[in-house]
Amino acid sequence: MTTQIHPVDHELIQAAAHVARTRCQGDNHTMAAAARARDGRIVTAVNAYHFTGGPCAELVVIGAAAAQGAYELDTIVAVGDRDRGVVPPCGRCRQVLLDYFPALKVIVGEDDRIRTVLITDLLPESYVWADHQLDAE
């Protein structure tokens, strides 16, 4: 695996951090995500924690983007509440992000090690759902 590093979108990190600071309250909303659409728009969202496995902020941002007509996302980042900083996507989110946006860039790392990598670098040797679908006739 060769990790491809891309420029860090600091504006995206700031957008997610702002939402985490101002909208994440209590135990139901503890993570914020921000994604940049291919047309440059930034879409934000928060997680919806529930003991049954509510959606992560990255998954909520996919729906929020679609609701705004943004179906192609370029870069995504998640930030934790209480100044926890950038948080990498969980395994489920990595798989969903790969399936929806195979060329997506993801911001990961801490402090001076913040970097942007391709989703495929976060999920090597991955299962690609589209590769296993039968052709509809």
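The values are calculated or read from the model by the stated rules, or taken from the named source; none is laboratory data. Owing to the predicted nature of the structure, the values given are computational and were not obtained by experimental measurement. Every residue, glycine as well, gets a Cβ built from its backbone with ideal geometry; the counts of neighbours run over all protein chains shown. These accessible areas exclude ligands, DNA and RNA; they are computed on the full protein's heavy atoms, side chains included. Shrake-Rupley method; radii C 1.70, N 1.55, O 1.52, S 1.80 Å.
Listing for the model above:
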quantity	calculated
Residue that is farthest from THR116 (Cα to Cα), among those in region 19-40 that are open to solvent by less than 10 Å² (accessible area, probe 1.4 Å) and part of a strand (DSSP E or B)	ALA32
Hey, ALA45 of a type outside the set (D, E, K, R) and open to solvent by less than 20 Å² (accessible area, probe 1.4 Å) or not	yes
Residues that are among the aliphatic types (A, V, I, L, M), open to solvent by less than 40 Å² (accessible area, probe 1.4 Å) and farther than 23 Å from GLY109 by Cβ, drawn from region 49-78	ALA64, ALA65, ALA66, ALA70
Residue within region 86-109 that is acidic (Asp, Glu), within 24 Å of GLU125 (Cβ to Cβ), open to solvent by 50 Å² or more (accessible area, probe 1.4 Å) and part of a helix (DSSP H, G or I) present	yes
Of all residues making up region 41-68, the number that are part of a loop (DSSP other than H, G, I, E, B), at pLDDT 95 or above and in contact with an Asp or Glu (Cβ under 9 Å, 6 or more places away or on another chain)	1
Unmet criterion (only one of (1) under 22 Å from GLY91 (Cβ atoms); (2) touching an Asp or Glu at 6+ places or on another chain (Cβ under 7 Å)) for ARG36	(1)
Selection status of ALA103, at negative phi and more than 12 Å from the chain's Cα centre (by Cα)	yes
Filtered residue count, region 110-137, keeping only those that are in a helix (DSSP H, G or I), free of Cβ contacts under 8 Å to residues at least 60 places away in the same chain, open to solvent by less than 60 Å² (accessible area, probe 1.4 Å) and out of contact with any strand residue (DSSP E or B) (no Cβ under 8 Å at 6 or more places or on another chain)	1
Residue ID - surrounded by the most Cβ atoms within 10 Å (Cβ to Cβ), chosen from residues in region 9-18 that are outside any loop (DSSP other than H, G, I, E, B) and touching a residue at least 40 places away in the same chain (Cβ under 8 Å)	ALA16
